[in-house]
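Written out below as structure tokens is the structure these notes cover.
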């Protein structure tokens, strides 16, 4: 006997339905606060149809579209839960009716931005991975920053050793 489309599903059922291991679903819960399965006695998770639709959208973005976790978080913040839930309906894999997506939520208040994070995400468009040329530039920038950090660390170690030996720093 099939469950009703509105029925709650266990993590095992959702895992099988999405073809995603349960530990990945639990990890996604830690990264996406929009995922809020009902937890019953003993900590058992029960996913609502809207949660399942949201998980399907997250999986679509991460696994099929190649979006980063930060990119998915940004899409959720900018476009809302309803948008992401509508992206990945695993209805073709489900024996019963597909879950209904969550209704759209109002946009969150603008968050304070960190200039370092902003500069790191400038090459991403709507959270998607950067083009190969931009990615190569990012990698070159990262290598340059790493080299500068190594030089600074070497300098600091030298100063520490000189001070430990009782010599004046340069």
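Every residue in region 13-27 that is within 20 Å of the chain's Cα centre (by Cα) and surrounded by fewer than 18 Cβ atoms within 10 Å (Cβ to Cβ), please.
Result: 19, 21, 22, 23, 24, 26, 27.
Considering region 13-33 alone, what residues qualify as being under 17 Å from residue 61 (Cβ atoms) and touching a residue at least 60 places away in the same chain (Cβ under 8 Å)?
Within region 13-33, 18, 19 meet the criteria.
Suppose the filter is under 18 Å from the mean Cα position of the chain (by Cα), touching a residue at least 24 places away in the same chain (Cβ under 8 Å) and at negative phi; does residue 10 pass it? Can you show your working first?
Details: under 18 Å from the mean Cα position of the chain (by Cα): no; touching a residue at least 24 places away in the same chain (Cβ under 8 Å): yes; at negative phi: yes.
No: the conditions fail for residue 10.
Restricting to region 32-50, count the residues that are part of a strand (DSSP E or B) and surrounded by fewer than 19 Cβ atoms within 10 Å (Cβ to Cβ).
3
Please go through region 51-70 and pick out each residue that is more than 13 Å from the chain's Cα centre (by Cα) and either buried (at least 19 other Cβ atoms within 10 Å of the Cβ) or closer than 13 Å to residue 11 by Cβ (or both).
Hits for region 51-70 are 51, 52, 53, 56.
Search region 71-107 for residues being part of a helix (DSSP H, G or I) and under 16 Å from residue 13 (Cα atoms), and hand back the single one that is modelled with the highest pLDDT. Explain how you work it out, then say what you get.
If we filter region 71-107 for residues that are part of a helix (DSSP H, G or I), which is where we start, we get 71-79, 81-87, 90-93.
Cutting the leftovers down to under 16 Å from residue 13 (Cα atoms) gives us 90-93.
Details: 90: 48, 91: 44, 92: 37, 93: 38.
Of everything passing the filter in region 71-107, 90 is modelled with the highest pLDDT.
I'd like to know if region 59-66 contains one or more residues that are in a loop (DSSP other than H, G, I, E, B), at positive phi and modelled with pLDDT of 80 or more. Walk me through it before giving the result.
Let us first name the residues in region 59-66 that are in a loop (DSSP other than H, G, I, E, B), namely 65-66.
After this cut, where a residue has to be at positive phi as well, the list is 66.
Now narrow it down to the ones that are modelled with pLDDT of 80 or more: 66.
Yes, that holds for at least one residue.
The values are calculated or read from the model by the stated rules, or taken from the named source; none is laboratory data. Model, not experiment: these values are computed from the prediction. Neighbour counts run over all protein chains shown; Cβ positions are idealised from the backbone, glycine included.
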